[in-house]
Amino acid sequence: MKISGFTIIKNAIINDYPIIEAITSILPVVDEMIVSVGDCDDGTKELIQSIASDKIKIFDSVWDPALREGGKVLAVETDKALAHISPESDWAFYIQADEVVHEKYHTTIKAAAEKYASAENVEGLLFKYKHFYGVYDYEGDSRKWYRSEIRIIRNDKNIHAYRDAQGFRKKNRKLQVKLIDAYIFHYGWVKNTAKMKDKIKNLNKLWLDDASSELRAELFDYNDFDSIKKFTGTHPSVMQKRINEQNWNMNLDVSQKKMSLKKRALYWVEKKTGIRLFEYKNYKII
């Protein structure tokens, strides 16, 4: 049983993506790591080349600015990276530039991949998520944050990235997946305010015109959240250097709940039962 890792990246340094941490966090699980590097304005390719691993295979790509609607360019680039994986691999492990896997889940991930390798009806493995916010001490606690997503897919050329590449489909139908007891740690919302505004401005250009991107970035405020909670666990070891170098602080009010009456009711049900009513799922758990 073989697993290929794959990811896409553009302007990792400008946007302060933890891409090194993302890649190295899954290297122990994969047999090769495909990294598709877009046309960058910084030293992203050199950054990837600095990772000391013979598993890494770098491919150059040019992102089409015309594919802005709905973030389609992200799906196109993800499919490009997917096309480079070895035909000998059973699975493809997708990691985004701001996602990291805790080393404590490596054994679980490999065991699940082994278990379902010959089960052709299992088209993907579904991961749980932790979304961090502002600093490394807070995590998202509301329906705003998706709870699960597909991150390992079968090596099937009919499977493709869906919409803005948050998930995958096969010939435009939802994949049949198994939920595994492993988390993706998502750090996309952990930056100081200035860097966060820059990232929002640059990233939103994949969906919006430049003027709209600028406005959204300027209006961003970390205090404008619906619900968060304190994180009490441990972070992946590959993130420790970044955590130690954090040079900004935030004191956010975890008692704050900015929700409509309907969302408050749904939130209450979820916290009491663990069930998220009317949850959007881009997959079918079997």
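Every number here is computed from the coordinates shown, using simple stated rules; none is lab data. All figures in this text were calculated on a predicted structure; none of them were measured in a lab. In this analysis, Cβ positions are derived from the backbone assuming ideal geometry, glycine residues included, and neighbour counts consider all displayed protein chains.
With the convex hull built on the Cα atoms of segment 114-252, state its orientation-averaged projected area in nm². Working shown, then result.
Working: hull surface 42.1 nm².
With every direction weighted equally, the projected area is 10.5 nm².
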Quick calc: nm separation of the 7 Å Cα→Cβ label points for Val254 and Glu88 -> 4.8
Listed with the fewest Cβ neighbours within 10 Å leading, Ser4, Ser148, Ser86, Ser255 appear as Ser255, Ser86, Ser148, Ser4
A correct fewest-to-most ranking of Ser25, Ser89 by other Cβ atoms within 10 Å would be Ser89, Ser25
In this structure, among Lys241/Lys281; Lys110/Lys170; Lys72/Lys191, pairs with alpha-carbon gaps over 29 Å are Lys241/Lys281
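List the GluC sites (Glu not before Pro) within segment 145-250 that fall in a DSSP loop (any state other than H, G, I, E or B) and whose Cβ has at most 13 other Cβ atoms within 10 Å.
Working: sites: Glu149, Glu214, Glu218, Glu245; in loops: Glu245.
For GluC sites (Glu not before Pro) across segment 145-250 that sit outside H, G, I, E and B with at most 13 neighbouring Cβ atoms in 10 Å, the list reads Glu245.
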Asserting the computed 222 nm helical MRE of the chain (DSSP H runs at least 4 long, -39500 (n - 2.57) per run, divided by residue count, to nearest 500) equals -8000 deg cm²/dmol
Residues whose modelled amide H sits under 5 Å from the amide H of Gly167, counting only those 5 or more places away in sequence or on another chain, are Tyr162
Candidates for volume of the Cα convex hull per residue in Å³ are [x] 162; [y] 140; [z] 129, and the calculated one carries label [y]
Note on the chain, DSSP bridge orientation, antiparallel percent to nearest 5 equals 45
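Could you work out the longest stretch of the chain that avoids the chymotrypsin sites (Phe, Trp or Tyr not before Pro) located in DSSP loops with at most 14 other Cβ atoms within 10 Å?
Working: sites that count: Phe220, Trp248, Phe278, Tyr280.
It runs 1-219.
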Per DSSP loop assignment and a cutoff of at most 11 other beta carbons within 10 Å, the chain keeps its longest run without exposed trypsin sites (Lys or Arg not before Pro) at 1-156
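Would you mind classifying segment 41-184 by shape? Square roots of the alpha carbon gyration tensor eigenvalues, ordered a ≥ b ≥ c; an a/c under 1.5 is rounded, otherwise it is prolate if a/b is larger than b/c and oblate if not. Working shown, then result.
Numbers: a/c = 1.22, a/b = 1.07, b/c = 1.13.
Judged from the Cα gyration tensor, segment 41-184 comes out rounded (a/c under 1.5).
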One finds the C-alpha centres of segment 106-185 and segment 1-50 to be spaced, in Å, by 18
Whole-Hz Karplus couplings 3J(HN,Hα) for segment 98-107, θ = phi - 60° and coefficients 6.51, -1.76, 1.60, Gly and Pro as x, run 10, 10, 9, 9, 5, 4, 5, 9, 4, 5
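Can you put Met250, Met259, Met239 in order of Cβ neighbours within 10 angstrom, beginning with the fewest? Please list the in-between numbers first.
Working: Met250 14, Met259 17, Met239 21.
By the 10 Å Cβ count, ascending: Met250, Met259, Met239.
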A correct Karplus calculation of ³J(HN,Hα) over segment 49-57, with 6.51 cos²θ - 1.76 cosθ + 1.60, θ = phi - 60°, whole Hz and x for Gly and Pro, returns 5, 6, 6, 7, 7, 7, 7, 7, 10
Phi angles of segment 176-185, converted by Karplus (6.51 cos²θ - 1.76 cosθ + 1.60, θ = phi - 60°) into ³J(HN,Hα) in whole Hz with x for Gly and Pro, give 8, 10, 10, 7, 10, 8, 8, 10, 9, 9
